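These notes are about the structure you will find just below.
The values are calculated or read from the model by the stated rules, or taken from the named source; none is laboratory data. Predicted model only: the values in this text are computed from it and were never measured. Note that each Cβ is placed from the backbone with ideal geometry, even for glycine, and that neighbours are counted across all protein chains shown.
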Amino acid sequence: MEGKINTKALFFSWWYGEAFSRLLGFIGHFYVYLFDLFSVKVSMATIFAPWKRDQISYENLSLQEQFQVWLLNLSSRFVGFWVKLFTVLTCLVCSALFTIIAGCTIIFWLGYPAILFVLIYIGLKLVFGV
């Protein structure tokens, strides 16, 4: 019996070892991808910056024109704030949804071999009436 390989033990060591660590690595990389996709770091760093850097200069303008330019610049910052805030909130919602999906995937991953054997047993019992 020397040299005989126990394939069941090999499968379970792979399933709960290497494959599970790869699954967790994928989940971690996907979170990094989400934060990069939505540019959370850049959005938070520039949350009060004007939208698309749309800002007008005040040079050589009358007082009334300076006030109009000030309102336009302020409205550009307001639009930029809301767009960036919406982007960050969307990223948080997507992250929450992915957390739920990842949690269900991990639970399914851990229980899948047991569920498979139970389903095979139930199927054999139904087919053969054992």
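From Phe98, Phe81, Phe86, Phe48, grab the single residue that is in contact (Cβ under 8 Å) with a residue 24 or more places away in the chain, under 25 Å from Ile27 (Cα atoms) and among the hydrophobic types (A, V, I, L, M, F, W, C). First the steps, then the outcome.
Numbers: Phe81 fails: under 25 Å from Ile27 (Cα atoms); Phe86 fails: in contact (Cβ under 8 Å) with a residue 24 or more places away in the chain; Phe48 fails: under 25 Å from Ile27 (Cα atoms).
Only one candidate passes the filter, namely Phe98.
Only one residue in Leu72, Leu24, Leu10 is within 22 Å of Cys91 (Cα to Cα) and modelled with pLDDT of 80 or more, so which one is that?
So the residue among Leu72, Leu24, Leu10 that is within 22 Å of Cys91 (Cα to Cα) and modelled with pLDDT of 80 or more is Leu24.
Pick out, from segment 1-101, the helices (runs of 4 or more DSSP H) lying fully within it that include 3 or more residues that are closer than 30 Å to Ala114 by Cα.
7-13, 19-37
Within the bounds of segment 62-80, is there any residue that is at positive phi, of a type outside the set (Ser, Thr, Tyr) and loosely packed, with under 10 Cβ neighbours inside 10 Å?
The answer is no; no qualifying residue exists.
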